[in-house]
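Take a look at the structure set out below.
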Amino acid sequence: MIRARVCAALVCALLAACVGPALSPVESLGEVGSDQVVIVGRVELLPPLAKDEQNFKNMVGTDMLRNKLLLITAEKWRRMSAAPERADYDNRIEAPFEQTFFVRSGSKPFYILLGELWLSAGDKAYFPAGFRVDVRPTDKAVYIGTLRYRRDEFFQFTKRDVVDDYERANAEFRKKFGSKYALRKALVTPVNDKK
Amino acid sequence: MRKLVFCWVLILLHGCASNKSLEEAISPGSLVFGYMDMGEAPATELTAFSLRQVLPKTDKPFLHMRTHEGVFYIENVAPGSYQMSQFGGPGGMFSSASFYWFNFPRQSDGFRVGKPGLYYLGSYKYKKAGSIFNPKFDVESIKTPDEREAIEKILPFSKGTKWEGQLRERVNQLGAGRKK
């Protein structure tokens, strides 16, 4: 039992220690460089994640996982058919459910390849993604929309929508950063690579 | 010597705990069963299989099934939604583990039990995957043994219960078995 607990704790500690950095949350626009942009978006899960659905008992360093969806991003598009490898976690977005996120990214378009939700040390749920984020060099802040996932009781997804909730996001953006920069609406677009 | 006696006691207790006979049907319960081929598994045989009750929510979501020659089964399952949770069996004489457990991910197919009756979950085979350093497994659907053969394996354990009639009726519906 002790061995299992140590292993579980290690898994999480290693994930936090070994993977590259996530896109940093932005608290002020002064943190955003001239070649960077603030990505604004949200993830919703219906029905919402219940308290007991994530079990991180005896694990350390779980803040990056608790009630968060890890959005795996990349500059080049590829369809992910297997679990992410260590390098895939670089530049992930740690998106808290039902909360607007504000993260810092380079001023280049990128793709959201997959969503990963940790349920426990050894059990994850994968959210289908495949979205292009249209970032332009002139952008300072981009609103990408709300990714809304509906699931059944077996954690199978029955519907996936990109919802335009710009008014709310823009109000939060202005409250947080003021009105110096405009939040450009550029909802993510699904990648259609089916032959 | 003490260890030997202890092992015998454990084996005897295990025998008592793993009663294979079905209890009488209680409405609105159902009989859920399936088959798992452990030929490629590091475990020598299937001796444990559990379901997780997903809906309605419960404090005790795990249902521990009976097993017999690869068939896993449990009677009087209440209406609700379930997923396969875990299965396993003992390691062999020279095995590195005394017991092997294999967990199904929570994001996997499930099934719904509605009106009382028989629910055949299918026949599956444990398949090795991954590598020696990162062992994984897959579960592959197989055609044989089929539902009829699975029923025939558990039919003796239903004797004298209402399940026996239902199982025999189902065998008749499925028709003649494979020629041997």
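Just one of the numbered conditions (1) touching a residue at least 40 places away in the same chain (Cβ under 8 Å); (2) within 14 Å of another protein chain (Cβ to nearest Cβ); (3) not aliphatic (A, V, I, L, M) is not true of residue B:81: (1).
For the subset of the stretch A:172-191 comprising residues that are part of a strand (DSSP E or B) and touching an Asp or Glu at 6+ places or on another chain (Cβ under 9 Å), which member is surrounded by the most Cβ atoms within 10 Å (Cβ to Cβ)?
We begin by selecting, within the stretch A:172-191, every residue part of a strand (DSSP E or B); these are A:184-185, A:189-190.
Next, from what is left, pick out any that are touching an Asp or Glu at 6+ places or on another chain (Cβ under 9 Å): A:184-185, A:189.
Details: A:184: 17, A:185: 14, A:189: 14.
This residue is A:184.
With respect to the conditions (1) out of contact with any Leu (no Cβ under 7 Å at 6 or more places or on another chain); (2) away from chain A (no Cβ under 14 Å); (3) part of a strand (DSSP E or B), residue B:115 lacks only one, and its number is (3). Taken over the stretch A:138-171, the residue count meeting the criterion of being closer than 29 Å to residue B:81 by Cβ, hydroxyl-bearing (Ser, Thr, Tyr) and open to solvent by less than 50 Å² (accessible area, probe 1.4 Å) is 2. Right, residue A:108: at pLDDT 95 or above and either over 30 Å from residue B:102 (Cα atoms) or hydrophobic (A, V, I, L, M, F, W, C) (or both) or not? Spelling it out, residue A:108 is indeed at pLDDT 95 or above and either over 30 Å from residue B:102 (Cα atoms) or hydrophobic (A, V, I, L, M, F, W, C) (or both). Do we have residue B:110 as within 14 Å of chain A (Cβ to nearest Cβ) and open to solvent by 20 Å² or more (accessible area, probe 1.4 Å) here? It is true that residue B:110 is within 14 Å of chain A (Cβ to nearest Cβ) and open to solvent by 20 Å² or more (accessible area, probe 1.4 Å).
In summary, strands (runs of 3 or more DSSP E) completely within the stretch A:100-157 and bearing 3 or more residues that are within 11 Å of chain B (Cβ to nearest Cβ) occur at A:110-120, A:123-133.
The values are calculated or read from the model by the stated rules, or taken from the named source; none is laboratory data. Every value quoted in this text rests on a predicted model; they were computed, and no experiment measured them. As a convention, Cβ positions derive from the backbone with ideal geometry for all residues, glycine included, and neighbour counts pool all protein chains shown. Just so you know, the surface numbers come from the protein's heavy atoms only, side chains and all, with ligands and any DNA or RNA stripped out. Shrake-Rupley method; radii C 1.70, N 1.55, O 1.52, S 1.80 Å.
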